[in-house]
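Reviewing the structure listed below.
The values are calculated or read from the model by the stated rules, or taken from the named source; none is laboratory data. Everything numeric in this text was worked out from a predicted model, so none of it was measured. Don't worry about glycine lacking a Cβ; one is built from the backbone with ideal geometry, like all the others, and counts go over all protein chains shown.
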Amino acid sequence: MRIAITSQNFRTVTGHAGRARRFIVFDADGIAPPREVERLDLDANMAIHGFDHRARHPLDDMDVLITGGAGEGFVRHLAARGVRVVATGESDPLLAVQAFLAGRTRSASEGCNHDHSDLDGHGEAGHSCGCHG
């Protein structure tokens, strides 16, 4: 299984998945511990937000994408490509992969249960619930 993590700094899990261009890719076969196998550092035109979805994308090769936050559009676009998007509150990429494999993450399309009254004009409140991004 190939798992991509949104990580704009290649050190921590980051949100804003639709605008992300940097990803750490892990391989998890269910037998050996997950291991980092690749880093994607994509051009600005390769961010899913604004990408021509008729074209092939490097994320097409992933089974799962783990992020700190993703909007419904991002989740839909990746689902159409066969990629499951999950949200995490974990900041360490390896720990986020381990939590996913242990079933301790949730779909990024699941709702959240907190107040969004402090949202800025972009639909984000500085949190990583996965309900906006």
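The set of residues from the stretch 78-95 being assigned to a helix (DSSP H, G or I) and within 23 Å of PHE10 (Cβ to Cβ) comprises LEU78, PRO93, LEU94, LEU95. The single residue among GLY50, GLY73, GLY18 that is assigned to a helix (DSSP H, G or I), exposed (fewer than 15 other Cβ atoms within 10 Å of the Cβ) and modelled with pLDDT under 95 turns out to be GLY73. Quick check, is THR67 of a type in the set (Val, Ile, Thr) and surrounded by fewer than 18 Cβ atoms within 10 Å (Cβ to Cβ)? Spelling it out, it is not the case that THR67 is of a type in the set (Val, Ile, Thr) and surrounded by fewer than 18 Cβ atoms within 10 Å (Cβ to Cβ). Residues being in contact with a helix residue (DSSP H, G or I) (Cβ under 7 Å, 6 or more places away or on another chain), polar (S, T, N, Q) and within 21 Å of PHE10 (Cα to Cα) are entirely absent from the stretch 41-53.
Which one is farthest from ASP61 (Cα to Cα), of the residues in the stretch 76-93 that are of a type in the set (A, V, I, L, M, F, W, C) and buried (at least 16 other Cβ atoms within 10 Å of the Cβ)? My answer is ALA87.
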